[in-house]
Amino acid sequence: MKAAIFRKEHFNAAHRLYLPQWSDAQNYAVFGLCSNPRYHGHNYELEVKLVGEVNPQTGILMDLKDLKKIISEKILLEFDHKNLNEEVAEFAQMNPTAENIAYVIWHRLRPCISTEIELWVRLYETPRNFVEYWGE
Ligand code: NI
């Protein structure tokens with residue numbers, strides 16, 4: 001029997017979307033308000049989805065307590081109330097768009113979860129704007 005389990009989490013973080021080789025005007029044209037040189041914040045909602053075989057004896061795919069702990073240690077501790085550009089190593093060279101944040105979250109979680117289990121990351125930057133990344 002195959003099933004999906006989900007864990008929802010939340011973090012607040014500041015970012016600035018820009019390419020350093022572009023002028024402020026070019027950055028504004030492409031990234032809009034998110035290019036503000038003085039940064040701004042989002043209330044990010046994170047959904048982590050695991051897909052895999054349910055253990056026929058226990059009825060469990062993966063213990064959600066363990067998943068909660070992994071997300072807390074690998075993501076929330078390092079992203080919550082942080083400036084993503086300046087305080088999260090991956091974004092020193094990578095624009096912290098929702099796409100790239102989901103990519104970084106996926107790569108941080110992947111080594112902590114059984115290879116038998118598929119991992120999907122969905123990240124809401126606003127209640128209406130969200131992205132998904134699944135490792136391709
Ligand atoms: Ni933004």
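Max-minus-min Cα coordinates of the chain on each principal axis give 60, 26, 25 Å, with the largest extent listed first. Note on residue 36 and residue 130: their simple-model spin labels are 2.4 nm apart, each label 7 Å out from Cα toward Cβ. Close lysine pairs were tallied over the chain: pairs 8 or more places apart or on different chains with Cα atoms under 18 Å apart number 12.
Dividing the summed helix terms, -39500 (n - 2.57) for each DSSP H run of n ≥ 4, by the number of residues in the chain produces a 222 nm estimate of -6500 deg cm²/dmol to the nearest 500.
Values in this text are rule-based calculations from the coordinates and carry no lab data. As the structure is a prediction and not an experimental result, all values here were calculated from the model. Cβ atoms come from the backbone with ideal geometry, glycine included; neighbour counts cover every protein chain shown.
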